[in-house]
Amino acid sequence: MVYNTMSDFNNFTPILQDKVEGWQATGDTCQFRIKGFTVKLAIVEREEFKTIKIVGEDGTPFDFTFWIQMREIDQTDTRMRLVLHVNLNMMMKMMVGGKIRDGLDQVAEQIAESFNRLPV
């Protein structure tokens with residue numbers, strides 16, 4: 001269930017359409033505006049029930065790759081690791097590095113909260 005939900009951007013529409021501007025999604029891509037920047041994401045690789053690889057597409061303010069790694073412990077327990085590789089120069093790293101880290105922590109918390117509310 002976790003993999004199937006996370007591997008389709010359409011599933012994020014109910015959660016994100018009111019939190020960001022201009023949310024648009026297909027199964028493999030999404031686009032939105034946040035703080036004046038347009039962000040375009042694409043799922044470029046899936047390893048069923050294990051890994052989803054997401055990259056920023058043209059026009060995104062900086063190059064990055066984002067992996068969602070999953071490991072099923074049992075039927076009601078899936079562990080996730082979120083890995084983000086961002087190419088930032090030193091100046092940008094000092095300016096936004098902490099905000100990116102905080103944002104990734106918030107994403108992880110929202111994912112966990114969303115799945116914890118689902119009936120088992």
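Cα convex hull, region 53-120: 97 Å³ per residue, rounded to a whole number. The residue among Ile111, Gln69, Met92 whose Cα reaches farthest toward the positive pole of the charge dipole of region 28-120, with charges on the beta-carbon of Lys, Arg, Asp and Glu, is Met92.
Here the accessible area is traced with a 1.4 Å probe on the protein chains. For the chain, carbon and sulfur cover 49 percent of it. Calculation over all alpha carbon pairs of the chain in 10 angstrom steps from 0 returns a P(r) of 12, 43, 35, 9, 1 percent. Computed over protein heavy atoms with a 1.4 Å probe, the accessible surface of region 1-119 works out to 70 Å² per residue.
The alpha carbon centroids of region 77-104 and region 1-73 are separated by 15 Å. Label-to-label distance for Arg81 and Thr5 is 2.2 nm, based on points extended 7 Å past Cα in the beta-carbon direction. Straight-distance candidates among the aspartates and glutamates for linking to Lys40, with alpha-carbon spacing under 14 Å and chain neighbours fewer than 8 residues away dropped: Glu21, Asp28, Glu57, Asp58, Asp63. Contact order for the chain, expressed relative to its length and based on alpha carbon pairs under 8 Å spaced 6+ residues apart, stands at 14 percent.
What is the angle, in °, between the Cα long axis of helix 90-116 and the longest principal axis of the Cα atoms in the chain? Nearest 10 is fine, range 0 to 90. Relative to the chain, helix 90-116 is tipped by roughly 20 degrees. When +1 charges are put on Lys and Arg Cβ atoms and -1 charges on Asp and Glu Cβ atoms, the dipole computed for region 14-74 relative to its Cα centre reaches about 220 debye. Computing FRET efficiency as 1/(1 + (r/R0)^6) for Leu88 and Glu113, where r is the C-beta to C-beta distance and R0 is 25 Å, gives about 0.30.
For the peptides 96-109, 23-36, the ranking by packing is 23-36, 96-109, with the highest mean count of neighbouring Cβ atoms within 10 Å listed first.
Placing +1 on each Lys and Arg Cβ and -1 on each Asp and Glu Cβ, with no other charges, gives the chain a dipole about its Cα centre of roughly 360 debye.
Put simply, when 55-64, 84-93 are sorted by average Cβ atoms within 10 angstrom per residue, most first, you get 55-64, 84-93. For Lys35, a cut-off of 21 angstrom between C-alpha atoms picks up these lysines, skipping any fewer than 8 places away in its own chain: Lys19, Lys93, Lys99.
The stretch between Lys99 and Arg33, if pulled fully straight at 0.36 nm per residue, gains 22.1 nm over its current Cα-Cα span.
The three principal axes of the C-alpha atoms in region 1-43 carry coordinate ranges of 33, 19, 12 Å, sorted with the longest axis first.
The values are calculated or read from the model by the stated rules, or taken from the named source; none is laboratory data. What you see is a predicted model, and the numbers here were worked out from it, not measured in a lab. We place every Cβ from the backbone using ideal geometry, glycine too, and count neighbours over all the protein chains shown. The accessibility values were calculated without ligands, DNA or RNA, using every heavy atom of the protein model including side chains. Shrake-Rupley method; radii C 1.70, N 1.55, O 1.52, S 1.80 Å.
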